[in-house]
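The values are calculated or read from the model by the stated rules, or taken from the named source; none is laboratory data. Here the structure is a predicted model, which means the values were calculated and not measured. Here the Cβ is made from the backbone with ideal geometry for all residues, glycine too, and neighbour counts use every protein chain on show.
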Amino acid sequence: MRVGVPKEIKVHEYRVGLTPGAVREYVAAGHTVVVETNAGAGIGAGDETYRKAGAVIADSAAEIFATCDMIVKVKEPQPREWSVLREGQILFTYLHLAPDPEQARGLMASGCTAVAYETVTDARGGLPLLAPMSEVAGRLSIEAAGSALKRSAGGRGILLGGVPGVVPARVVVLGGGVVGTHAARMAVGLGAEVTILDRSIPRLRELDELFEGRARTRFSTTEAVEQEVFVADVVIGAVLVPGASAPKLVTRAMLKSMQKGAVLVDVAIDQGGCFETSHATTHADPTYEVDGIIHYCVANMPGAVPLTSSHALNNATLPFGLALASQGFAAVTQNPHLRAGLNVHHGRITNKAVAESLGLSSPPIEGPLAA
């Protein structure tokens, strides 16, 4: 198969769909890999590095979209990208369609087959292609919160870990999944007072054992969320409903009872955000203030550390990408985990949770799919 890797064009996105090491694996498997010139600049991989890995260098993204059977990206296609996708072409990338009906319509109109990293599953019921970026984003969320807490940034002027004789910051983590766990690890490591809320008792037990008393766990109810958020210095939004829009756990009305200068970091912003007042921001202008509360809602947080992120992502996506390249659409029909990742095919949304979030009908997940 002819596999194309265009340069990412989302604002301040420096990751790349395939690293040189991943290119070598595709080429060894008999595929042709076409990489847009300078696509790897953000991770310090120049065109010559890609040539040595066996890639063909293209002068433009237009050439890649026009000539390749499969497109491998990192972030969701932007309007000028989805407009050049075509029927039968496979797109393998993060999509996050639930809060983005415009992109969904664009992909349906293109006729392409779009497999989303964030809904591919594994034998344990996990999300293996979302997990590495969730790990990165969870850790970065605490770094972002620490910066936003500074008085010069509009925050409360409190140090996350405090100092001897002065209490540390209170960090509340909404969601005990991958993002929440890694955020809590970072916050605990810095000496913050950490509380994790989740609706799964088994998961709370796991977290209690993992942190050995260094972080509190609490069952998540509306009352519990309010009580914790109102005294928090930092709230990390780490909730996830696979494929669907994130639930709004912190309302606009709740902001008035929070401490002025507190920080909300919405890691769920790719799925619409879990704070009512969230809207996506960029690394160039990451924060804004609502009712005295600082919001950090960067939609591609791992893009700030592209070298780490690109390699972590490629480690996870490689076996799935190779299966798609080797078998084409048949890989989706034969592999239930890739089938879970299928979001768009023949002009239809094929993931039930995504379709419901967009208010669209979806064929049964168990139903047959024509190539």
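Structure summary
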| quantity | calculated |
| --- | --- |
| In the range 111-161, the residues that are hydroxyl-bearing (Ser, Thr, Tyr) and crowded, with 22+ Cβ neighbours inside 10 Å | THR113, TYR117, THR119, SER134, SER141 |
| Residue that is surrounded by the most Cβ atoms within 10 Å (Cβ to Cβ) [pool: residues in the range 180-191 that are under 25 Å from the mean Cα position of the chain (by Cα) and more than 14 Å from ALA144 (Cα to Cα)] | GLY180 |
| Set ALA148, ALA183, ALA224: member being more than 25 Å from THR308 (Cβ to Cβ), touching a strand residue (DSSP E or B) at 6+ places or on another chain (Cβ under 7 Å) and modelled with pLDDT of 95 or more | ALA224 |
| Qualifying positions in the range 287-323 - among the hydrophobic types (A, V, I, L, M, F, W, C) and closer than 17 Å to VAL265 by Cα | VAL290, ILE293, ILE294, CYS297, VAL298, ALA299, MET301, ALA304 |
| Pairs, first within 22 Å of LEU204 (Cβ to Cβ) in the range 163-181, second basic (Lys, Arg), C-beta under 7 Å, six or more apart | GLY176/ARG203 |
| Which listed residue is out of contact with any strand residue (DSSP E or B) (no Cβ under 7 Å at 6 or more places or on another chain), surrounded by fewer than 24 Cβ atoms within 10 Å (Cβ to Cβ) and not assigned by TED's automatic domain parsing to the domain that holds VAL23, from ALA253, ALA246 | ALA253 |
| From the options ALA45, ALA61, residue that is buried (at least 18 other Cβ atoms within 10 Å of the Cβ), under 20 Å from ALA114 (Cα atoms) and not aromatic (Phe, Trp, Tyr) | ALA61 |
| When residues of the range 297-333 are limited to those that are more than 21 Å from the chain's Cα centre (by Cα) and β-branched (Val, Ile, Thr), the one surrounded by the most Cβ atoms within 10 Å (Cβ to Cβ) | VAL332 |
